[in-house]
Amino acid sequence: EMTPKQEILYRAELKAAQQHLLNVKTKKQFDSERFNFLTSLLRLRQICCHPCLVTGEKPSEKNRGAKEDALIDLLEPLMEEGHKVLVFSQFVSVIELLAPLFTERSWKHFVLTGSTEERGTLVEDFQNTEGAAIFLISLKAGGFGLNLTAASYVVLYDPWWNPAVENQAIDRTHRIGQSRPVIAYRLLTQNSIEEKIRLLQKSKSALASAVLGEEKFAQALTLDDLRYLLRDD
């Protein structure tokens, strides 16, 4: 569940998007406003990840997001038991926000984003590290060419439009040499657009296999899809 401050911010953003949607009656109108609506959906998704992604404030105890607490609760026993975990997010800003939390707890972790150099060395270090470790990976950086069989847990911090991309992320652990079962978790904010995205993924599974990449999947949303995503229930 969202924190009280997080929910106030989310509801304000949702109401603004709903008011905008009331003025859209036709597909032509929707197509002309598509970019603005995709921006609104992006902001709602960012608020679910952490309010600071939208407000620009520095993360603190006063403005914590509910999902970061849920992630820490999930990871604590795994770290104590010595497991290796992959944590994926589509937002580099989320990766940058989470890394200091792991440092505070003295959890060994690695970070891979689009700007990371020496990917091969980083992957090798993670694979060969003794004991517990976390690999924070951004969606675009971790889509291809990674063999991370040392990990037996995967956490998808935020849902992506295209479920095929989520499956790609989980598949980083399902490579030649994997000898353990792999458990994947999805973190979804209750009563939010994230739950609706998850349901929409299932109804558009045929579309997911027909298009490539997150942006194209999002651009394929219809006016009815948007009305569904922005509903209050």
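Any residue in segment 67-81 that is within 16 Å of residue 225 (Cα to Cα), out of contact with any Leu (no Cβ under 8 Å at 6 or more places or on another chain) and open to solvent by 50 Å² or more (accessible area, probe 1.4 Å)?
no
Do we have any residue at all in segment 41-59 that's over 18 Å from the mean Cα position of the chain (by Cα) and within 20 Å of residue 196 (Cα to Cα)?
Taking every residue of segment 41-59 in turn, none turns out to be over 18 Å from the mean Cα position of the chain (by Cα) and within 20 Å of residue 196 (Cα to Cα).
How about segment 82-111: which of its residues are in contact with a Gly (Cβ under 8 Å, 6 or more places away or on another chain) and open to solvent by 20 Å² or more (accessible area, probe 1.4 Å)?
82, 92, 108
Within segment 180-192, can one find any residue that is at pLDDT 85 or above, out of contact with any Ser or Thr (no Cβ under 9 Å at 6 or more places or on another chain) and not in a loop (DSSP other than H, G, I, E, B)?
yes
Determine whether segment 137-150 contains at least one residue that is hydrophobic (A, V, I, L, M, F, W, C), open to solvent by less than 60 Å² (accessible area, probe 1.4 Å), under 20 Å from residue 109 (Cα atoms) and modelled with pLDDT of 90 or more.
For segment 137-150, residues hydrophobic (A, V, I, L, M, F, W, C), open to solvent by less than 60 Å² (accessible area, probe 1.4 Å), under 20 Å from residue 109 (Cα atoms) and modelled with pLDDT of 90 or more: present.
Please return the ranges of helices (runs of 4 or more DSSP H) entirely within segment 1-63 where 2 or more residues are farther than 23 Å from residue 155 by Cα.
The qualifying helices (runs of 4 or more DSSP H) are 4-22, 27-49.
The values are calculated or read from the model by the stated rules, or taken from the named source; none is laboratory data. Because the structure is predicted, anything quoted here is derived from the model rather than measured. Heads up, the Cβs are rebuilt from the backbone with ideal geometry, glycines too, and the neighbour counts pull from every protein chain shown. Note: accessible area is taken over every heavy atom of the protein model, side chains too, but ligands, DNA and RNA are not part of it. Shrake-Rupley method; radii C 1.70, N 1.55, O 1.52, S 1.80 Å.
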